[in-house]
Each structure stands twice: as C-alpha cells, then as structure tokens.
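Below: the structure, in structure tokens.
The values are calculated or read from the model by the stated rules, or taken from the named source; none is laboratory data. Keep in mind the model is a prediction, meaning the values are calculated, not measured. FYI the Cβ positions are ideal-geometry reconstructions off the backbone, even for glycines, and counts take in every protein chain you see.
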Ligand code: C5P
C-alpha cells in the first residue's frame with residue numbers, strides 16, 4: 001500500500017508531493033514501480049489525495065507497469081494514519097502480508113523490499129528497514145513565547161535508528177494496531193502503532209537510496225541517484 005495523499009507542504013508550493021516529477025516521471029510512479037519490482041507483490045493499493053483519485057487512476061493507466069501486478073486507487077484522509085486505514089479497509093481478502101510504503105520514498109531498491117517481505121514471512125508481525133543516525137539528535141521542550149526551544153535531552157546516538165519504508169506487517173496485526181489507535185495521537189509510522197500493542201517490531205537493514213523526499217534539496221539528490229542508475 002502506498003499512502004500518497006499528503007500535500008507535501010515542506011517541498012514548497014505546487015502539486016501534491018506524490019505527483020511532482022523526478023526526471024519527468026511523477027514520484028508516485030517511481031514508488032509504484034519500486035514496489036511492483038518485487039515478484040512477491042501482487043497488488044499495489046495507492047491511497048490518493050481525496051480530490052485526486054481520478055487523476056491518479058489516469059496516471060497509473062498512462063505509465064508502463066508490470067502486468068503481473070494489480071492496482072487499486074482509494075481516496076485518502078487528513079493524516080497519514082487515516083490514509084493508511086482507508087487503504088487497509090479497501091484490501092481484498094486473501095492477502096496476508098501488507099507492506100506500507102511512502103510515495104515520498106520513490107527510489108527504494110527492490111532488495112530492501114524483498115528483505116522486509118522475507119522477515120514477515122519468517123514470522124515477524126512487524127518489520128521496519130532502518131539505518132544508523134548520522135546526526136546527533138536533541139529532544140526539545142516547549143518554547144516560551146519569543147524564546148528558543150530548550151534542549152531537554154540528548155539520546156545516545158548509537159542507540160538511535162532512522163526508519164524507512166516499506167514497513168511490512170502481518171495483515172491482522174496491522175489492522176488491530178489501527179483499530180486500537182486514536183487518530184490524532186501523532187503516530188508518524190505504522191510500526192509505532194504496533195509497538196503500542198506491545199507486539200515485537202523487527203528491524204532489517206535499510207538503504208540510503210530509500211531516503212524520503214521532503215525538502216527541495218531531496219529532489220536534487222533523487223534526480224542525481226536516477227542519473228547514476230542510468231550511467
Ligand atoms: O507527511 P509525511 O512525510 O510523513 O508523509 C509520508 C507519506 O504519507 C507520504 O507518501 C504522504 O503522501 C502520505 N500521506 C497520506 N495522507 C496524508 C498525509 C500524508 O497518504 N493525509
């Protein structure tokens with residue numbers, strides 16, 4: 001499932017982020033191809049901006065995609081969590097493993113996708129690709145009006161991991177996690193909801209090319225990665 005209903009405000013003004021082009025092809029199409037590249041993926045559900053589902057359907061029809069994969073487009077919600085839940089509700093019966101992949105990570109290599117699937121097949125209820133953190137990270141507290149945010153803690157960097165997508169789940173666990181969650185509690189990834197169920201979340205190696213396109217500089221990096229792949 002590819003939640004792609006975000007506006008992409010941090011990327012600057014323009015179309016919804018998933019529909020912006022990387023080397024002439026919308027980011028969403030790169031992300032769909034990245035997932036469909038895995039032979040284990042039989043269906044890709046795209047969660048589109050609520051007012052853009054028709055446009056996304058046309059986009060998928062206009063681009064070459066693997067024939068062995070089926071596609072489904074559903075309208076998204078106001079938050080990522082709501083969008084994922086709407087995608088889950090639209091999943092047909094007979095699918096036991098669900099991968100949730102941000103449209104904003106268009107360049108994830110197929111080996112990373114397959115690594116996540118394999119770990120779920122091996123019995124983990126929730127699997128997350130992760131990388132060590134390069135920056136030291138500070139926790140901040142609320143700022144008084146007109147004042148800078150105070151630093152309240154510095155978690156030990158060696159124990160931190162930056163997590164990516166696709167995150168892979170046993171379908172029943174993911175559904176239970178979403179049904180138990182309260183919308184608006186600020187979960188920024190699905191695995192965080194599974195953690196609240198006290199179910200184990202397993203890490204597998206992430207990949208630097210699975211980075212999230214969030215800010216304008218990320219577009220430059222993404223186009224450079226594509227150019228390097230073509231060389
Ligand atoms: O906002 P953030 O960068 O965390 O978004 C991650 C992914 O979730 C993006 O692919 C974005 O399109 C998607 N999203 C969504 N529905 C929302 C907000 C974000 O599908 N309401």
Which listed residue is within 21 Å of the chain's Cα centre (by Cα) and over 27 Å from residue 34 (Cα atoms), from 197, 175, 221, 226: 197
Spans of strands (runs of 3 or more DSSP E) in the range 120-231 with at least 1 residues surrounded by 15 or more Cβ atoms within 10 Å (Cβ to Cβ): 126-132, 161-163, 167-170, 202-205
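Of all residues in the range 1-25 being more than 9 Å from the ligand (Cβ to nearest atom) and in contact with a strand residue (DSSP E or B) (Cβ under 6 Å, 6 or more places away or on another chain), which is modelled with the highest pLDDT?
Going residue by residue through the range 1-25, those that are more than 9 Å from the ligand (Cβ to nearest atom) are 1, 11-15, 19-25.
Narrowing the set further to residues that are in contact with a strand residue (DSSP E or B) (Cβ under 6 Å, 6 or more places away or on another chain) leaves 1, 19.
Numbers: 1: 98, 19: 87.
Per the criteria, the residue is 1.
Just to check your reading of the model, which residue among 80, 105, 33 is surrounded by 17 or more Cβ atoms within 10 Å (Cβ to Cβ), closer than 29 Å to residue 126 by Cα, at pLDDT 95 or above and within 13 Å of the ligand (Cβ to nearest atom)?
Within the list 80, 105, 33, the selection yields 105.
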Helices (runs of 4 or more DSSP H) lying entirely in the range 25-111 (those with 2 or more residues that are farther than 24 Å from residue 181 by Cβ): 27-36, 53-62
